[in-house]
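Undergrad: The structure's right below; bear with me while I get my questions together.
The values are calculated or read from the model by the stated rules, or taken from the named source; none is laboratory data. Since we're looking at a predicted model, the values are computed, not measured. No Cβ is skipped: glycine too gets one built from the backbone with ideal geometry, and neighbour counts run over all protein chains shown. For the accessible areas, the whole protein counts, side chains as well, though only heavy atoms, and no ligand, DNA or RNA atoms are used. Shrake-Rupley method; radii C 1.70, N 1.55, O 1.52, S 1.80 Å.
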Amino acid sequence: MSQGFSVYVGNAPFQTTEEQIGQFFSNVGQVNNVRIVYDRETGRPRGFAFVEFADEAAAQRAVQELNGADFNGRQLRVNLANNK
DNA sequence: AATGAGCGC
């Protein structure tokens, strides 16, 4: 259950930190939370994350402006999260 | 531990 407006961020470099993602996404709006998804067994990052924004407009800006954007040499996939 | 599309402890 999410309490905000989350976007799915895929194709991130494995070494990316939540701080780096937060900095990158705060370019389009107020970021309330960043969660990198880790493999439960090995603890390694799975290469994607979720960014929660303070408002829906920011989330939609992120999708429109940052989907496909270059991030540390990789083209990010940014989409509205399923919010389950 | 590794890997390259993926929607989450």
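Undergrad: Under 1.5 on a/c is rounded, so check that first for the stretch A:1-52, then, if it is not, pick prolate when a/b is larger than b/c and oblate when it is not; a ≥ b ≥ c are the square roots of the alpha carbon gyration tensor eigenvalues. Don't skip to the end; give the middle numbers.
TA: Values: a/c = 2.40, a/b = 1.47, b/c = 1.63.
Oblate, because a/c is 1.5 or more while a/b does not exceed b/c.
Undergrad: Can I ask one more? Within a Cβ distance under 13 Å of A:Gly29, other residues only, what is the Lys/Arg minus Asp/Glu net charge?
TA: Details: positive: A:Arg61; negative: A:Glu52, A:Asp55, A:Glu56, A:Glu65.
Neighbour charge sum, excluding A:Gly29 itself: -3.
Undergrad: While we're looking at this one, here's another question. Using the Kirkwood radius built from alpha carbon pairs, what does the Stokes-Einstein equation give as D for the stretch A:12-84 at 37 °C and 0.692 mPa s, in µm² per second? Intermediate results must be reported in sequence, preceding the final value.
TA: Values: Rh = 12.5 Å.
In µm²/s, the coefficient is 263.
Undergrad: Another question, then. Tell me what chain A gives for mean residue ellipticity at 222 nm when only DSSP H runs of n ≥ 4 count, each as -39,500 (n - 2.57), the sum divided by the residue total, rounded to 500 deg cm²/dmol.
TA: On the way: 2 runs with 19 residues, N = 84.
-6500 deg cm²/dmol, from helical runs alone.
Undergrad: Roughly speaking, to the nearest percent, how much of chain A's 1.4 Å accessible area is carbon and sulfur?
TA: The value for chain A is 41 percent carbon and sulfur by accessible area.
Undergrad: Stretch A:Asn11-A:Val63 to full length: gain in nm at 0.36 nm per residue minus the Cα-Cα span?
TA: Numbers: separation 52, 0.36 × 52 = 18.72 nm, distance 1.40 nm.
Gain on stretching A:Asn11 to A:Val63: 17.3 nm.
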